[in-house]
1. Quick one: which of 99-110, 126-137 comes out on top by average Cβ neighbours within 10 Å, and what's the full order, highest first?
2. Express in nm, to one decimal, how much length is gained between Ile158 and Ile209 on full extension, taking 0.36 nm for each residue of separation and deducting their alpha carbon distance.
3. For the chain, what is the convex hull volume of its Cα atoms per residue in Å³?
4. What is the gain in length, in nm to one decimal, between Lys11 and Trp248 on full extension, counting 0.36 nm per residue of separation less the C-alpha to C-alpha distance?
5. Can you give the accessible area per residue of the chain, in Å², using a 1.4 Å probe?
6. What percent do you get for the relative contact order of segment 185-277 when only Cα pairs under 8 Å and 6+ apart count?
7. Using R₀ = 35 Å, calculate the FRET efficiency as 1/(1 + (r/R₀)^6) where r is the Cβ-Cβ separation of Gln224 and Met264; round to 0.05.
8. Just to be sure I understand the model, the point goes 7 Å from the Cα along the line to the Cβ. What's the resulting Ser144 to Met71 distance in nm?
Amino acid sequence: MATKNTREPQKLLSKHELNQIWYRWGFTHLSSMSYEKLQGHAWAYSYLPFARKYYQNDPAKKRRLLERHSMFYNTEPQTGQIINGIVASLEEQIALGNDVSEEMPVNIKATLMGPLAGIGDSLIQGIIVPILLSIAMSLAKGGSPVGPLFYIIAYGIIGPTISYVAFHSGYRLGVGAIDTIVGENSKRITDAFNILGVMVVGALAANTIVLKTVAKIPLGGKFQPLQTVLDGIFPGLLPLAMVILGWWLVSSKQLTATKVIIIMVVIVTIGCLIGLF
């Protein structure tokens, strides 16, 4: 396989053209979806400027380019941009006549979208989003609009930044990035993010979920608050029980988040009516 230094410098993708590919897919990946292709439509859209640059006078190659990037594709959008960067590097080599087959970009996408989805979901949904939401909820106490504004602005900056860095890193590293993404390296990265994510969610649950009992129990010849007894045994036991219940309903019973919320509302409502909470 030819390396990047064999390309003709005057025909390389400019930074502006690379950014076109990045932001077209980065901001439209979920704009047009179907069960057949999911995020595939946005891939074809993102490579229209590429097709105009290299295949303006070659309709057959232009058609093949758009066809191979209209296939089924689905991964985590931010970290998954590293795949787009790798593929842009390969497509550039194909357009310049280097020894890269047209099947390779398709194979790269099929190989990497799974591992990147695992890494990205653990990082974005398991760590970054919970942290930002916990800060936003703290700022929103008392009905302040600062909380939601903070989350919108913070995620609006962090998400595209991760996406941009991932895309250009993938383009710069080319197929060399595969060794880090797949195999045991991918499993170690995913496991590390999963563990960190569980720790983050646990800490957030302990600090943001409030559930106390007002019941009293006979102890030592007089009635003592049950909450004081529970705190002496295991501080935060009731919030932990609700978290475990929610996890069990989702993982074991396969209930949706909406149903879990309704069940918890019913439990708390009944508890308040009977004087437990």
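1. Details: 99-110: 15.3, 126-137: 17.3.
Final packing ranking: 126-137, 99-110.
2. 15.8 nm
3. Spread over its residues, the Cα hull of the chain gives 163 Å³ apiece.
4. Working: separation 237, 0.36 × 237 = 85.32 nm, distance 5.58 nm.
So the extension gain works out to 79.7 nm.
5. Using a 1.4 Å probe on heavy atoms only, each residue of the chain averages 56 Å².
6. Contact order relative to length: 27 percent.
7. Details: r = 27 Å, r/R0 = 0.78.
The pair Gln224/Met264 has a calculated efficiency of 0.80.
8. Distance between the two pseudo-spin positions: 5.1 nm.
The values are calculated or read from the model by the stated rules, or taken from the named source; none is laboratory data. Model, not experiment: these values are computed from the prediction. No Cβ is skipped: glycine too gets one built from the backbone with ideal geometry, and neighbour counts run over all protein chains shown. Please note that ligands, DNA and RNA were not included when accessible areas were found on the heavy atoms of the full protein model with its side chains. Shrake-Rupley method; radii C 1.70, N 1.55, O 1.52, S 1.80 Å.
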